[in-house]
Amino acid sequence: MTCDYIALAAQGVQGLTPYVPGKPVEELERELGISNIIKLASNENPLGPSPKVLAALEQVKAELSRYPDGNGFKLKQALSQHLGVAMDTITLGNGSNDVLEIIARAYLAPGDEAIYSQYAFAVYPISIQAVNATAVVTPAINYGHDLKAMAAAITAKTKLIFIANPNNPTGTWFGKAEWEAFMAQVPETVLVVLDEAYIEYVEDAGALDGLQYVNRYPNLIVSRTFSKAYGLAGLRVGYCISHPQVANVLNRVRQPFNVDSFALAAATAVLDDADYLQRSRQINSDGMRQLVEGFKKLGLDYIPSAGNFIVVHVGRDAGPVYQSLLKEGVIVRPVANYGMPHSLRISIGLPQENQRFLGALQRVLQ
Ligand SMILES: *Cc1c(COP(=O)(O)O)cnc(C)c1O
C-alpha cells in the first residue's frame, strides 16, 4: 500500500479521536471469564425497558420489510402533545448524538467557531472537529459551566454554543437567572444548543426548562433523548426542538430514515408510560442518596449531581481503582479523558447494584 488513507481523510476527520464508550458487560466477561458483572458506566436506565415498549416492538416486527416513516409522524405528534410544541419545531435523531452532529454539519463550516465548556460532553468536540470548525473551550467553575465566560468568548466567527444542563460527566447544573442573563448576551446569529439529556431527572420544580424559552429565542435549540430516563439507549432515538426554520435546515441534512421503525414505535409508546418515568425518577433519587451516603461514610468527595450519575473523587490516580473495580465485576467510567484523572463517574443503578459497587469501592481503596 502506497497511499496513507489517514492522510487522505478530510482535514477535520484526521484530527478526530473516537468517542470512548463505557466498557460493555460482554467484553469484560470475555476478558476476565467472570459473570455476574454490573455496569454503572453509561448512564443507562437500570430498570430495563418499559413493558409498553416491549408490546409496541412486537407489533412492529411484521412491518420490518418496510422503510420506517421518514417523517416520524406518529412520534412527532406524540411529542407535540406531550411537550406542547408545534410539530414543525421537532427534528428527530438516531439518538440525540445524531441531532448534535446534524446541527454541527448544518451550521458549521471550516473557520467557524463553536464554544463549549471544559468538562463538557465528548460528542461536542467530536462534532465540531469532524467538520473542521474551531472549538473554543471556556474554563469551568466548580466543574460547572461558566455561562459568563461562555458569553464573553463569542466572536464574529462564533456560530454555535453547546451547553448541557445538567452536564455530563459532572452532573452540574445552572438555573433560570444565570441562563436568562446568558441568553440576553447571545446575538441571534449564534445558535445555542441546550442539551437536556438528563432533564427528566431534575427534581427541583423551579428548575430551568429549555422548552419554555424556544418561543422567546429563535436561536435556541433544545435537545433531548429517550436514552436515559425513558430507558431506550439501545434503540437510538432523540430529538430537538427549535425554531421551524432551524428545524427545516436540520431536516435537509439528516438522513431520510435516520430513526428506525423499532425506535419510532418504542419512543411513541414510552411517552405514554408515565408510570415508567415516575419509577425511573424514584429509583434514581433513591440511588443518588444511597451513593452519596456511601461516599460520605468512605470519606470521599463527590460532585453534587442532578443527573442519573455522580462523579466521585478517589484521591489518587483513578485508573488503577477502575481496573480493580473491573476485577470485582463492577464497570464504572474513568473520566481522565475529561481532565479528571482522580475521579470516576458512577451511573445510578438498582439498590443492590449501588450496594455492590460501594462494597467493591471500599475494598479496592483499602
Ligand atoms: C447521554 C447523553 C446524550 C444522549 O445521547 P443519545 O445519543 O441520545 O443516546 C446527549 N447529551 C449528553 C450530555 C449525554 O450525556
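The values are calculated or read from the model by the stated rules, or taken from the named source; none is laboratory data. None of the values given here were measured: they were computed from a predicted structure. Cβ atoms come from the backbone with ideal geometry, glycine included; neighbour counts cover every protein chain shown. Heavy atoms of the whole protein, side chains included, go into the accessibility calculation; ligands, DNA and RNA do not. Shrake-Rupley method; radii C 1.70, N 1.55, O 1.52, S 1.80 Å.
Just a few scattered comments:
- When Rg and Dmax are taken over the Cα atoms of the range 217-366, they come to 19.0, 57 Å.
- Net +/- balance of residues flanking VAL53 in space, Cβ distance below 13 Å, scoring K and R +1, D and E -1: -3
- Here's the picture: a label point sits 7 Å out from the Cα of ASP69 along the beta-carbon direction, and within the range 258-282 the residues with their amide nitrogen under 15 Å of it are 258-272.
- Heavy-atom SASA rank of ASP260, ASP88 (probe 1.4 Å, accessible area, largest first): ASP88, ASP260
- The distance between label points at GLN14 and GLN366 comes to 5.3 nm (points 7 Å beyond Cα on the Cα→Cβ vector).
- Accessible surface comparison of PHE182, PHE121, probe 1.4 Å, protein chains only, largest first: the order is PHE121, PHE182.
- Values of log10 I(q)/I(0) for the range 51-270 across q = 0.07, 0.08, 0.16 Å⁻¹ run -0.21, -0.27, -1.08, by the Debye formula with one identical scatterer at each alpha carbon and no solvent.
- The range 40-63 and the range 332-366: distance between their alpha carbon centers, rounded to Å: 26
- On the beta carbon distance between ALA205 and THR2, with R0 = 51 Å, the FRET formula returns roughly 0.20.
- Carbon/sulfur fraction of accessible area - the range 144-187, other protein chains in place, 1.4 Å, %: 56
- Accessible area per residue, Å², the range 303-344 with all protein chains present, probe 1.4 Å: 34
- Approximate spin-label separation GLN77-GLN255, in nm, with each point projected 7 Å along Cα-to-Cβ: 2.6
- Put simply, when 14-25, 301-312, 319-330, 39-50 are sorted by average Cβ atoms within 10 angstrom per residue, most first, you get 301-312, 39-50, 319-330, 14-25.
- Cut-off 12 Å between beta-carbons: net charge of the residues surrounding LEU250, Lys and Arg +1, Asp and Glu -1: 0
- Near PHE121, the amide H atoms lying under 5 Å from its own belong to ASN168; only residues 5 or more places off or on other chains count, and H is placed 1.01 Å from N.
- Value of [θ]222 nm, deg cm²/dmol, for the chain, DSSP H segments ≥ 4, -39500 (n - 2.57) each, nearest 500: -11000 deg cm²/dmol
- Of all beta bridges that DSSP places with both ends in the range 51-270, some 35 percent have antiparallel geometry.
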